[in-house]
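The values are calculated or read from the model by the stated rules, or taken from the named source; none is laboratory data. Fair warning: this is a prediction, and the values are worked out from it, not measured in the lab. In this analysis, Cβ positions are derived from the backbone assuming ideal geometry, glycine residues included, and neighbour counts consider all displayed protein chains.
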Amino acid sequence: MSQSKDQYGLYPGCSLGATARAYMQSTEAVSKVLGLTLKEIEDWNCCGASEYVSVNSVAAYSLIARNLSLAAQEGLTDVVAPCNMCYLNLHKVDGYMSKYPKVNRQVNQALAAGGLYYNADSVHVRHLLDVVVEDIGCEAIAEKVTRPLKGLRVAPYYGCLLTRPESRYNAEYPTHLDELLQALGATVVDFPLKTQCCGGHMTQISEQTAYEMIRRILHGAAENEADAIVTICPMCQLNLDAFQPQVNHMFKTNFRLPILYFTQTMGLAFGLSNKELGIGSEITSAKAALRKIGQEEPEQPKPKKKRDKKALPMPPLS
């Protein structure tokens, strides 16, 4: 079975079905507009995030390689990962199996227990941002824009995982997200912290350290008068959004920066509704940012509760 040129294998990862549901929702919505076919890999498993590699590298690599093997069996030569950690793990293991015979032998020995085998380099692992910018192109995307994000100042935030040495991205100053946001009509602010680490799981280890890392990123965006931070990573979105109140409490700051996925900003520019894009599920409200571009949708009035006549108090007896 061969893969169609307009079809990509999708490795959603665990977060897109849980804390990053809005990312998955908006990815599916904009894919329809772009005519992008994403076929989810059947029976995929967790990539192990970062912790498992520290516990047992061979077991971790085998866990990751299982997904590559399944994709190859389905004839999916291009596998897309919207999550930065998933992308890095899949891309790294594929590279390690190609470069290091010992790793290849150990991993395939483990895969054999499940009746699988992976021939290194048979799958091309890519981030969703890469597919959008490189395969579709900013010019074609601009043609789909019906409601330009004119007047919206955004800070493009890549996070640290996409630009690791194993990745194909410029480690210091990537530009794909910047170019995409400009094509959508937004104003991209100068943001030197675009590849700084958000702390990852440090929030579970040292709050003081984690909150300072998050504070720096929020401060950098606020200092450049950004209305929102646009990210491509579920962990980054979670940390900058969910822990923003704690950062404000610890450092006596008043950050109110919504953290949106790049697919959500694409959907807004394509004229899709907030509901279709999962906007409103973020903890730090995006209403003020949407108001700037005239795309704040009115809240639906809550239905009035009917009074239960049986529950009314009885009039006093005369």
- Query: more than 13 Å from the chain's Cα centre (by Cα) and without any contact (Cβ under 8 Å) to a residue 24 or more places away in the chain - does that describe any residue in the range 1-20?
  - Reply: yes
Exactly one of 247, 230 is touching a Lys or Arg at 6+ places or on another chain (Cβ under 7 Å) and modelled with pLDDT of 95 or more, and that one is 247
Restricted to the range 237-247 and to residues being part of a helix (DSSP H, G or I) and among the hydrophobic types (A, V, I, L, M, F, W, C), the residue farthest from the chain's Cα centre (by Cα) is 247
Checked the range 248-274 for anything in a helix (DSSP H, G or I) and surrounded by fewer than 23 Cβ atoms within 10 Å (Cβ to Cβ); matches are 248, 249, 250, 251, 274
Flagged in the range 275-289 as surrounded by 15 or more Cβ atoms within 10 Å (Cβ to Cβ) and of a type in the set (A, V, I, L, M, F, W, C), in numbering order, are 277, 279, 286, 289
Selection from the range 21-46 of residues touching a Phe, Trp or Tyr at 6+ places or on another chain (Cβ under 8 Å), in a loop (DSSP other than H, G, I, E, B) and either under 13 Å from residue 86 (Cβ atoms) or acidic (Asp, Glu) (or both) yields 41, 44
Within the range 67-83, restricting to residues that are in a helix (DSSP H, G or I) and touching a helix residue (DSSP H, G or I) at 6+ places or on another chain (Cβ under 7 Å), the one that is farthest from residue 52 (Cα to Cα) is 69
Given the conditions (1) among the hydrophobic types (A, V, I, L, M, F, W, C); (2) at pLDDT below 95; (3) over 23 Å from residue 261 (Cβ atoms), every one holds for residue 49 apart from (3)
*Is the range 91-98 home to any residue that is more than 26 Å from the chain's Cα centre (by Cα), small (Gly, Ala, Ser), surrounded by fewer than 18 Cβ atoms within 10 Å (Cβ to Cβ) and at pLDDT 95 or above?*
yes
Scanning the range 202-232 residue by residue, those among the polar types (S, T, N, Q) and either outside any helix (DSSP H, G or I) or surrounded by fewer than 16 Cβ atoms within 10 Å (Cβ to Cβ) (or both) turn out to be 204, 206, 208, 209, 224, 231
Check: Would you call residue 126 within 21 Å of the chain's Cα centre (by Cα) and either buried (at least 19 other Cβ atoms within 10 Å of the Cβ) or free of Cβ contacts under 8 Å to residues at least 24 places away in the same chain (or both)?
Finding: yes
